[in-house]
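First up is the structure itself, then whatever we jot down about it.
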Amino acid sequence: MKTGKFNDLPTAEELTNDLANVCAIDSIPDKSLVSDVLQKLISHFIEPVRTAVQNGRTVPAQPLRQLASLSAVLLRALGKLSDQSVTTIGKLQIHQLDQLIGVCNLALETAHPTEQMDHIEAIRNILDRKRQAIIIVQTHPLALETMDAVHRNDRDVVLRAAHLMGWSLSFASEELKNDKEIVLAAVRQNGWVLGFASEAMRNDKVVVMAAVQNNGIAYQYASPELKNDREVAIAAVRNSQISMIYMGPHFQRDPEIRAIVYPRPQQH
């Protein structure tokens with residue numbers, strides 16, 4: 001079997017520097033930065049290693065451990081990596097999870113029996129559970145109801161479910177019911193689920209407008225402040241005239257709102 005020293009691979013220094021820069025940011029505003037680092041990890045390191053193994057080359061343990069460690073650093077940079085879960089802001093796709101799981105498997109398969117690889121095995125298991133949860137909600141979004149608290153607080157899992165079926169927001173953790181991107185995805189699919197969103201989200205005009213434009217009756221779940229917003233009220237009755245029953249007297253007497261709800265018959 002051929003051996004390879006991976007002289008054709010870039011050193012880990014440039015990637016480590018990139019990861020360090022990402023990790024130094026508490027709140028990552030530029031999600032493309034995270035995505036770029038992930039793609040670099042996969043294209044520069046993981047894919048060449050997997051190709052080398054498939055071609056019969058013996059891969060030294062050090063690069064494999066390095067890859068698994070870099071994966072762990074990246075996952076921490078993406079969001080949080082705990083003993084139970086990895087919740088990211090990078091919207092990991094199934095094929096990316098497969099790549100990260102694959103490098104952990106390679107490290108485990110080629111490690112010397114005396115090496116302590118428990119941390120890499122733990123990461124691999126966490127990633128695999130996450131992958132399985134995403135696959136399940138892609139087919140059955142409401143299966144989120146039967147998942148444990150870890151997955152109901154996993155941003156990638158819940159966001160995927162919310163895009164497909166807004167009602168799944170009702171099964172999300174309280175933390176994620178306060179996540180604007182998740183709530184927006186849910187109310188755009190089913191405006192009625194605004195009622196499951198956090199108080200802050202029900203006071204967010206962008207979220208409430210999206211909800212009432214999908215289902216005007218969602219107006220009833222808006223905050224008192226936004227129920228008094230004329231633009232919100234008009235958007236609600238344009239979608240559903242029934243929403244007028246949830247409005248105060250000042251809007252029920254509003255000429256424009258009444259014209260929408262009680263249109264005059266056209267003169268012939």
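The values are calculated or read from the model by the stated rules, or taken from the named source; none is laboratory data. Given the structure is predicted, the values throughout are model-derived calculations rather than measurements. Heads up, the Cβs are rebuilt from the backbone with ideal geometry, glycines too, and the neighbour counts pull from every protein chain shown. SASA here: full protein model, heavy atoms, side chains in, ligands and nucleic acids out. Shrake-Rupley method; radii C 1.70, N 1.55, O 1.52, S 1.80 Å.
Data table
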quantity: For L64: the one exception among (1) out of contact with any strand residue (DSSP E or B) (no Cβ under 9 Å at 6 or more places or on another chain); (2) at pLDDT 70 or above; calculated: (2)
quantity: Lone unmet requirement of (1) within 30 Å of H95 (Cα to Cα); (2) open to solvent by less than 10 Å² (accessible area, probe 1.4 Å); (3) touching a Gly at 6+ places or on another chain (Cβ under 6 Å); (4) of a type outside the set (D, E, K, R) for V193; calculated: (1)
quantity: Selection from the stretch 235-260 of residues that are of a type in the set (A, V, I, L, M), open to solvent by less than 20 Å² (accessible area, probe 1.4 Å) and in contact (Cβ under 8 Å) with a residue 24 or more places away in the chain; calculated: A235, A236, V237, M247, I257
quantity: Residue within the stretch 252-267 that is under 29 Å from P141 (Cβ atoms) and in a helix (DSSP H, G or I) present; calculated: no
quantity: Within the stretch 150-163, tally of residues that are farther than 19 Å from V208 by Cα and open to solvent by 40 Å² or more (accessible area, probe 1.4 Å); calculated: 2
quantity: Sole residue being polar (S, T, N, Q) and either open to solvent by less than 30 Å² (accessible area, probe 1.4 Å) or modelled with pLDDT of 80 or more (or both), chosen from Q96, Q116; calculated: Q96
quantity: Extreme residue, surrounded by the fewest Cβ atoms within 10 Å (Cβ to Cβ), among residues of the stretch 125-149 that are out of contact with any helix residue (DSSP H, G or I) (no Cβ under 7 Å at 6 or more places or on another chain) and not hydrophobic (A, V, I, L, M, F, W, C); calculated: T139
